[in-house]
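Trainee: Next up is a structure, given as structure tokens.
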Amino acid sequence: MRFETGTDLTRCQQEYLQGRYKPLCTPEGFYEDIQCQGTACFCVNERGDEIAQSRTELPVKPNCTIAGKC
């Protein structure tokens, strides 16, 4: 993932660059609705916080509309 230099980074972009956890960010720098770590995927809110009871195991991905995302 590449970010424009000289711009303020979003929280998602900052987390990505820190490397502890690599969130999926949109081109605009917001969190993608579905995030995955290892074999687990889950829905997140606009701050990147996991939505309770949305976690699934791959190959199944959660439906974030049902999980309360939208």
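What follows draws every value from the coordinates through simple rules; no lab data is involved. Predicted model, so just to flag it, every value in this text is computed and none were measured. Glycine also receives a Cβ, built like all others from the backbone with ideal geometry; neighbour counts cover every protein chain displayed.
Trainee: If a/c stays under 1.5 just call it rounded; otherwise compare a/b with b/c (prolate if a/b is bigger, oblate if not). Do that for segment 13-70, with a ≥ b ≥ c from the square roots of the Cα gyration tensor eigenvalues.
Mentor: oblate
Trainee: In a shell of Cβ-Cβ distance under 13 Å around K22, excluding K22 itself, what net charge do Lys and Arg (+1) and Asp and Glu (-1) give?
Mentor: Neighbourhood net charge equals -1.
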